[in-house]
Amino acid sequence: MTAHEREAASADGGRSTEEERAAEEERAVDQALALVGHQPRAGHRPPEGPGATRSKPPPSSPVSPPSAVSPPSPSSAASASAGPESRPDSGLTPSSPARSAQTPGAAMPSAPAPSSPAPVVSPLAAPAPAVDSASSRSHGASSADRPASSPHAHLTGSTAWHAARALAESLGRAAPLAAHRLPLDRALGHVLAEAVVALTDLPSFDTSAMDGWAVAGPGPWTVKEGEGLLAGRGSTEPLPDGQASRIATGARLPADATAVIRSEHAHCDEAKRLLYAGREVVQGQDIRPRGQECRSGDELLPAGTVVTPPVLGLAAAAGYDALVAVPRPRVDVFVLGDELLTAGLPHDGLIRDALGPMLAPWLRALGAEVAEPRRLGDEAGALRQALVSSDADLILTTGGTAAGPVDHVHPVLAEIGADLLVDGVAVRPGHPMLLARLAEGGPCLVGLPGNPLAAVSGLLTLAEPLLRGIAGRPAQDRYRAPVPQEVHGHPHDTRLIPVVHREDSVVPLHYNGPAMLRGIAAADGLAVVPPGGVRSGTEVEILDLPWASASPWTEGCFT
């Protein structure tokens, strides 16, 4: 095969992959809408008053039974065919055999620790070691490992990663919205429910762009007596031809003025009261004409725009005192696990809770309102009560998503009649994540694995697109960047690997095992590595972290 033929074949293969991905996402969207009985929303409801909040669908809203679930797509089924626990969360090299004989829930052997700390930035010459700890005890099995009598047996097999993200965002956008009017000082970080339309011309009159002299006609000019024209003050009388008047930046230009001469470009003969220009004067120079920025009725910002500080400034300049915005999604975080400590050093089999302190500020950075995380331990009754009493738009749980003796998420969801939409995703780390919709129009639930980096994977795969949909935020633009070295992948699943941007490429980071946070703490993004890995120079999709462009970092970042 010639080089040209190989290039053409590669291009055809790329198009085929994109087409398959698009078809997978479309199937996922159809599945989500079929389960919750909604159609995509056309827009936002108008505000019903100052205290209007998000409306939930009435209890009579049609909810399709579990049997309405579309069958898993061929690619999803293929991803799961090797068995959920035949592949460690850290990923395998393309040549590594699937460990189908691995006992569900058994600990994977860890690679020996290096004798000295390695630099943070490095190529992934080998896959990250599988890590088992008390925080990952609940991740040993998924729906495919449960007996056929499981209430969720109809959803066997993991959902493809791109399809899971598309399904989560579609589910969020299917939720009914209300809008409320917020004063400017409370609108930061919200999403506009209505377009911002210019209420007047901007500027609303001709103004001076510089400190200097307003002149009419050709010079030299006779200087008018008085203090001159100041911003917000001064006479609006016409300026006769051949005269000049001092003027400050932002001051209203007198009628018939033809130009503004900057102070440094003019000389005033005080004795003769004449003004001379030091360079050629062009008609209209240094004047901001009325309507230069916009005319009354122009759309300044479309609905769906995130309210940033410049948006607030523009709205204020345009005469707005309040903005019609979508309420921030409300999130409850329930931390599961009796082995978790909230202070001090790990000891006697107990470990520190890394997710409770991390999730709340991360979710706020995504534009959500987050209640203080609640620690429920391993009590099924406490979990059930917390779920049925929550009035949040989204519930996050940490750990307990597998089938161990104290993994209660699946049984409790079945007990309260929740629709299980995603039961495992073909991604490493984070495979045992899940997405459910509680009964009777209740909130959505994202079950995160207990391993910290696996939980981050679940957060970005399911929670972030779901929140974006609920809040009415526009979809993120996908972009790709090359990796300078070969990156090993999982033979069947997508891998999410912490990376840092370096000039025109991204460099994978060390410490990317499912129980590790050291890599993601130094990262500014995650690389989406397809099954099988990629060669040096290959472009991969990048997921930006919400604070990557925020400096300095502040909790509650609006981006």
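The table that follows gives values for the structure above.
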| read-out | value |
| --- | --- |
| Matching residues in segment 469-502 - criterion: being at pLDDT 90 or above, surrounded by 18 or more Cβ atoms within 10 Å (Cβ to Cβ) and among the basic types (Lys, Arg) | ARG495 |
| Residue in segment 421-438 that is assigned to a loop (DSSP other than H, G, I, E, B), in contact (Cβ under 8 Å) with a residue 12 or more places away in the chain and open to solvent by 10 Å² or more (accessible area, probe 1.4 Å) present | yes |
| Counted residues, segment 292-331 - those being under 30 Å from ALA382 (Cβ atoms) and open to solvent by less than 30 Å² (accessible area, probe 1.4 Å) | 3 |
| Residues satisfying the stated conditions in segment 394-407, i.e. farther than 21 Å from SER158 by Cβ and buried (at least 24 other Cβ atoms within 10 Å of the Cβ) | LEU394 |
| Residue within segment 277-291 that is under 30 Å from VAL197 (Cβ atoms), among the charged types (D, E, K, R) and either modelled with pLDDT under 90 or exposed (fewer than 13 other Cβ atoms within 10 Å of the Cβ) (or both) present | no |
| Any hit, segment 168-175, residues being under 25 Å from LEU301 (Cβ atoms) and open to solvent by 40 Å² or more (accessible area, probe 1.4 Å) | yes |
| Residue match in segment 185-203 (condition: modelled with pLDDT under 90 and either under 42 Å from the mean Cα position of the chain (by Cα) or under 30 Å from GLY297 (Cβ atoms) (or both)) | yes |
| Boolean, HIS190 is of a type outside the set (S, T, N, Q) and surrounded by fewer than 16 Cβ atoms within 10 Å (Cβ to Cβ) | no |
| Qualifying residues in segment 380-393 (those that are open to solvent by 20 Å² or more (accessible area, probe 1.4 Å) and in contact (Cβ under 8 Å) with a residue 24 or more places away in the chain) - the one nearest to the chain's Cα centre (by Cα) | ASP391 |
| Candidate set: segment 473-497, residues that are closer than 19 Å to ALA463 by Cα and of a type in the set (Lys, Arg); chosen: the one nearest to the chain's Cα centre (by Cα) | ARG473 |
| Condition broken by ARG374, with the remaining ones in (1) open to solvent by less than 10 Å² (accessible area, probe 1.4 Å); (2) closer than 11 Å to PHE334 by Cα; (3) charged (D, E, K, R) satisfied | (1) |
| Flag for GLY189 being closer than 30 Å to ARG328 by Cβ, of a type in the set (Gly, Ala, Ser) and out of contact with any Asp or Glu (no Cβ under 7 Å at 6 or more places or on another chain) | yes |
| Selected residue (only one of VAL483, VAL506, VAL456, VAL534 is among the β-branched types (Val, Ile, Thr) and closer than 30 Å to ALA386 by Cβ) | VAL456 |
| Condition check for ALA251: surrounded by 21 or more Cβ atoms within 10 Å (Cβ to Cβ), out of contact with any helix residue (DSSP H, G or I) (no Cβ under 7 Å at 6 or more places or on another chain) and at negative phi | yes |
| Out of GLY217, GLY232, GLY226, sole residue that is under 46 Å from the mean Cα position of the chain (by Cα), part of a loop (DSSP other than H, G, I, E, B) and on the phi > 0 side of the Ramachandran plot | GLY232 |
| Matching residues in segment 408-420 - criterion: being open to solvent by 10 Å² or more (accessible area, probe 1.4 Å) and not charged (D, E, K, R) | HIS408, PRO411, ALA414, ILE416, GLY417, ALA418 |
| Where a residue in segment 331-352 is free of Cβ contacts under 8 Å to residues at least 12 places away in the same chain and its partner, wherever it lies, is of a type in the set (Val, Ile, Thr) and part of a loop (DSSP other than H, G, I, E, B), with Cβ under 6 Å and at least six apart | none |
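The values are calculated or read from the model by the stated rules, or taken from the named source; none is laboratory data. Remember, it's a predicted structure, so these values are computed and weren't measured experimentally. Every residue, glycine as well, gets a Cβ built from its backbone with ideal geometry; the counts of neighbours run over all protein chains shown. Keep in mind that these areas ignore ligands, DNA and RNA; they rest on the heavy atoms of the full protein, side chains included. Shrake-Rupley method; radii C 1.70, N 1.55, O 1.52, S 1.80 Å.
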